[in-house]
Amino acid sequence: MAKVNPFALLVALILSSLSISILSDIPSLVVLAIVVFLPFFFGINIPKILWSMKVMALTAILIFVFALMADKGLMRSFGDTARFLSVIALSALYVTTADLLEMADTLGSVLYPILGKNGRKAASTIMMAISLFPIIFSTSMEMMNGRKCRQGSFFRHPVSSLSEYVISMMRLLFNKVVTFQDAMYSRLWRPDGERTRVAFRKTDYAVMVMSLLIAIGVFLWTKLL
């Protein structure tokens, strides 16, 4: 199977996320089912990845609860939650499988003729932002394991426990981000540094074109319904 350039996959991810955001409730549930079960055939456990992101799982629950409180009804509440989980699952799948440095190199080479060094800086900024997702995953797991070892529970005092968990995780994430940034600079990495040019293959163009056509099709379909 031909390897797809991470930049082409990023384009597909953005277009897919936009398409999911405009889907109605029942199609959103169908898309979520596809996103969850299809990767199993490639050895990827999406439910496990989602469960490792405790903050995102709690956010999905809050979206569902607040949608019910806003009298949106059961189906619309499920639809809102499904759209959120689908986008998060696709983003997690991209982060855990794509080569982010190759993505930054390709994006930098695409933007450099237009924006100069600012294009390389923009590519580096996007790469650094996406790189935070694995750090969020590992930090969430560390904190949950620590809470289990201390026999902590969210059910005893849900609001205070969730607030304490989020604040503690943000502090730990800040420290890890600073460490990650120092590690990059210690390797003489520069945001506006010259990037290795990565050539596009026919497969990459095909993925981007197909993603665009699907996004246009979803947009027209939703407008015609």
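Results, tabulated for the structure shown:
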read-out	value
Within the stretch 201-213, tally of residues that are at pLDDT below 90 and open to solvent by 100 Å² or more (accessible area, probe 1.4 Å)	2
Given (1) touching a residue at least 60 places away in the same chain (Cβ under 8 Å); (2) under 15 Å from Leu29 (Cβ atoms); (3) of a type in the set (A, V, I, L, M, F, W, C), number of the condition Phe84 does not satisfy	(1)
Checklist (1) buried (at least 18 other Cβ atoms within 10 Å of the Cβ); (2) more than 28 Å from Ala206 (Cα to Cα); (3) at pLDDT below 85 applied to Pro6, failing item	(2)
Flag for Ser17 being under 22 Å from Thr203 (Cα atoms), under 19 Å from the mean Cα position of the chain (by Cα) and open to solvent by less than 30 Å² (accessible area, probe 1.4 Å)	yes
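Results for (1) modelled with pLDDT of 85 or more; (2) within 30 Å of Ser168 (Cβ to Cβ); (3) surrounded by 14 or more Cβ atoms within 10 Å (Cβ to Cβ), shown as yes or no for each residue.
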residue	(1), (2), (3)
Phe37	yes, no, no
Phe40	no, no, no
Ser52	no, yes, yes
Phe64	yes, yes, yes
Ala67	yes, yes, yes
Leu74	yes, no, no
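The values are calculated or read from the model by the stated rules, or taken from the named source; none is laboratory data. Please read these numbers as outputs of a predicted model, since none were measured by experiment. Using ideal geometry, Cβ is built from the backbone for each residue, glycine included, and neighbour counts are taken over all protein chains shown. Heads up: the accessible areas ignore ligands, DNA and RNA and are worked out on the full protein's heavy atoms, side chains in. Shrake-Rupley method; radii C 1.70, N 1.55, O 1.52, S 1.80 Å.
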